[in-house]
Amino acid sequence: MAAIRKVVFPVAGLGTRMLPATKALPKEMLPVVDRPIIQYALEEAAAAGCEEFVLVTGRGKTLIEDHFDRAYELFDTLARKEKRADLEALEAAVPPPGGIVYTRQQQPLGLGHAVWCARHAIGREPFGVILVDDLIHAETPCMAQLAAAHARTGGNIVAVMEVPAEHTARYGVIRPGAADGRLVELRGVVEKPRPEEAPSRLAVIGRYVLMPEIFDQLARQERGAGGEIQLTDAMARLVGVQPFHGLRFEGRRFDCGDKQGYLEAIVALALERPDIAPAFRETLRRYT
Ligand code: G1P
């Protein structure tokens, strides 16, 4: 089965949990160690074999476009100064020409609406979705894990992880069926249920492989939780129609849309970096 060629990145969100840092700066541009959060997401998609990145942006997000462009003055200066390592790092961050498509979500109508805005860029083929706030550090990139699961089942796959019962109202939560290793059959999914209504503690984390039929469901533009057009509701309508599974992915997930998760991501990823970890570990000791 063909790899997932296209991935959608909904990046129109306002980032209200990180104000005032995100008043003028897109939340996706906040740095974790030395690169913006969005760069981790694109690298993850590229590592899964994706060739086309569809960014659904909004007003105030043009810095993201600048980040993925060649910066001629910078590249030229680094080349003249023979700063080869810096130059290579910058080159690696820029996708090949034509690799990124931008479209705007003109109104904040919800995640389902944002994904629907990418329908023309995607066409009628299975595609990935990465929610950039969910930074996932894994040996095998999470999107590659999902793509492999999709190749096995031929259907829809969402990343899932167990969360504390008191946190179900923050997530889409699945009704699980039979399990097969890390794969679990998905029998239903509910957006942000209260703990007493949650069908399980298996929460949807921001990685999806979806079949193009999701667009037919999203086109109905029905409002769900919070009055928004929810991706979760469109997914629920494909249950029983197409193969649908949750994948208990391998790896650590950091919610970078939240102060605690963001700070943890910085510490965890810095401690994985051989060029930074030894000195940083010493620094941390002074604070604990
Ligand atoms: C979105 C989805 C939700 C999912 C979550 C993962 O919610 O609607 O189903 O569990 O991302 O991070 P949001 O965080 O945008 O409220």
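The values are calculated or read from the model by the stated rules, or taken from the named source; none is laboratory data. The structure displayed is predicted, hence computed values, not measured ones. A quick note on method: Cβ atoms are made from the backbone with ideal geometry, for glycine too, and the neighbour counts reach across all protein chains shown.
Quick notes on this one:
- Just so you know, in segment 170-186 the residues that are of a type in the set (Lys, Arg) and within 16 Å of the ligand (Cβ to nearest atom) include one that is nearest to Leu111 (Cα to Cα), and it is Arg170.
- For Gly257, the stated conditions do not hold, so it cannot be described as within 28 Å of Gly123 (Cα to Cα), within 10 Å of the ligand (Cβ to nearest atom), crowded, with 16+ Cβ neighbours inside 10 Å and modelled with pLDDT under 95.
- Flag if Val239 is closer than 17 Å to Val204 by Cα and either among the β-branched types (Val, Ile, Thr) or surrounded by fewer than 19 Cβ atoms within 10 Å (Cβ to Cβ) (or both): yes
- Hey, Arg104 over 16 Å from Ala45 (Cα atoms), among the charged types (D, E, K, R) and within 16 Å of the ligand (Cβ to nearest atom) or not: no
- Where Phe75 falls short, out of the listed (1) touching a residue at least 40 places away in the same chain (Cβ under 8 Å); (2) assigned to a helix (DSSP H, G or I): (1)
- Within segment 147-177, the only residue that satisfies the criterion of being touching a residue at least 24 places away in the same chain (Cβ under 8 Å) and in contact with an Asp or Glu (Cβ under 6 Å, 6 or more places away or on another chain) is Gly172.
- Being surrounded by 15 or more Cβ atoms within 10 Å (Cβ to Cβ) and more than 26 Å from Ala24 (Cβ to Cβ) holds for only one residue in Leu42, Leu78, Leu55, Leu109, and it is Leu78.
- Residues located in segment 177-200, provided they are part of a strand (DSSP E or B) and surrounded by fewer than 19 Cβ atoms within 10 Å (Cβ to Cβ): Gly177, Ala178, Ala179, Asp180, Leu183, Glu185, Arg187, Gly188
- Every test in (1) more than 16 Å from the ligand (Cβ to nearest atom); (2) of a type in the set (D, E, K, R); (3) modelled with pLDDT of 95 or more is passed by Arg70 save one, and that test is (3).
- All of (1) closer than 30 Å to Arg152 by Cβ; (2) in a helix (DSSP H, G or I); (3) not polar (S, T, N, Q) hold for Asp66 with one exception: (1).
- Filter result (part of a loop (DSSP other than H, G, I, E, B), of a type outside the set (Asp, Glu) and either exposed (fewer than 15 other Cβ atoms within 10 Å of the Cβ) or at pLDDT below 95 (or both)) within segment 23-39: Lys23, Ala24
- Residues that are of a type outside the set (Gly, Ala, Ser), touching a residue at least 60 places away in the same chain (Cβ under 8 Å) and more than 19 Å from Leu146 (Cβ to Cβ), drawn from segment 178-222: Leu218, Gln221
- Applying the condition of being charged (D, E, K, R) and within 22 Å of Ile214 (Cβ to Cβ) to segment 129-164 and asking which residue is farthest from the ligand (Cβ to nearest atom) yields Arg152.
- Given (1) crowded, with 20+ Cβ neighbours inside 10 Å; (2) modelled with pLDDT under 95, index of the condition Leu231 fails: (2)
- If only residues of segment 201-243 that are within 14 Å of the ligand (Cβ to nearest atom) and assigned to a loop (DSSP other than H, G, I, E, B) are counted, the one that is nearest to the chain's Cα centre (by Cα) is Gln230.
- Matching strands (runs of 3 or more DSSP E) fully within segment 96-146 where at least 1 residues are free of Cβ contacts under 8 Å to residues at least 60 places away in the same chain: 100-104
- Given (1) in a strand (DSSP E or B); (2) surrounded by fewer than 19 Cβ atoms within 10 Å (Cβ to Cβ); (3) within 13 Å of the ligand (Cβ to nearest atom), index of the condition His167 fails: (1)
- Here the condition is being touching a residue at least 12 places away in the same chain (Cβ under 8 Å), within 27 Å of Ile157 (Cα to Cα) and not hydroxyl-bearing (Ser, Thr, Tyr); of Val241, Val267, it holds for Val241 alone.
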